[in-house]
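The values are calculated or read from the model by the stated rules, or taken from the named source; none is laboratory data. These numbers were taken from a predicted model, which means no experiment stands behind them. Cβ: placed from backbone, ideal geometry, glycine included. Neighbour counts: every protein chain shown. For accessibility, only protein heavy atoms count, side chains too; no ligands or nucleic acids. Shrake-Rupley method; radii C 1.70, N 1.55, O 1.52, S 1.80 Å.
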Amino acid sequence: DGDGKPVPGGVVVSGKKVVWTSGADARPGLWTIKARVGQNAKSWRVLVLPKEAAKDGGGILSQSRLKQIKDDPAFAGLRKQIRAKAEKSASLIAYNPAAGDNVALLPRVSLLSGLEGYLHLMTNYGGAIAWNALDYHINGNADSFAHARKALLTVSQWKTWTPTWFIAHGIQTYYVVGVFTEQIAFGYNLIGASLTPEEREQISSAIWSKSI
């Protein structure tokens, strides 16, 4: 748990998916989840939020906070900044479903070769998803919803999110992928209810299979 104490159970492995359900009395904090099937073992970190956060919709921003930003006149300037960020970030990406092929083609023998372009790719797509989803949720801009939706569906089609150098050295993910996944999850949390069941399945499956 968040205090480093072992807590048995709660992990279910189903095919390629590992599902963990926290207990009702789970203490808030950064948990380490471990799963093993035969000789295969995985571990990852999970942020457990207080119960009050779950009641208020969970996520990075609570529903009450989002409503305040959306409606309070004091946040009019912030709403304009969010709109501008959404427009700018959407202009930086090409919605290219084949971009993940380029990530897969990065050299296994060198981390630095192609790294700058990779960082720009992940930063631009992640930012476009987060800012446009937030703008849609706060300002109700239909174009921002379209941008966030298209970008989410685009990155979910990518072959991989992790440079091959890490895979070749036994490292299954990279901190940039963690930041990118956070942005995707943030955007998905804000517009997921407006997506089709098929789109939600495609995006959530990509998060499970490509982020860890």
Notebook entry, point to check: According to a simple spin-label model (label point 7 Å from Cα along Cα-to-Cβ), what is the distance in nm between Leu30 and Val46?
Noted result: 1.7
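Add +1 for every Lys or Arg and -1 for every Asp or Glu among the other residues with Cβ under 12 Å from the Cβ of Asp135, and state the total. Walk me through the intermediate numbers first.
Details: positive: Lys70, Arg79, Lys80, Arg83, Lys85, Lys88; negative: Glu87, Asp143.
Summing Lys and Arg as +1 and Asp and Glu as -1 gives +4.
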Notebook entry, point to check: Accessible area of Tyr118, 1.4 Å probe, to the nearest 10 Å²?
Noted result: 10
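Report the full-extension gain for the segment Ala168 to Asp1: residue separation times 0.36 nm, less the Cα-Cα distance, to one decimal in nm.
Working: separation 167, 0.36 × 167 = 60.12 nm, distance 3.10 nm.
Length difference between fully extended and current span is 57.0 nm.
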Margin query: Using only the heavy atoms of the protein chains and a 1.4 Å probe, how would Ile167, Ile33 rank by accessible area, largest first?
Written below: Ile167, Ile33
Next item on the list: Please report the base-10 log of the normalised intensity I(q)/I(0) for the stretch 154-212, using a Debye sum with one equal scatterer per alpha carbon and no solvent, at each q in 0.17 (1/Å).
Entry: -0.56
Next item on the list: Please give the contour-minus-distance gain from Leu153 to Leu78: 0.36 nm per residue of separation, less the Cα-Cα distance, rounded to one decimal in nm.
Entry: 24.2 nm
Item checked: Separation of the Tyr175 and Val13 label points, Cα + 7 Å toward Cβ, nm -> 3.0
Item checked: Accessible area per residue in Å² at 1.4 Å probe, computed on the stretch 90-211 -> 47
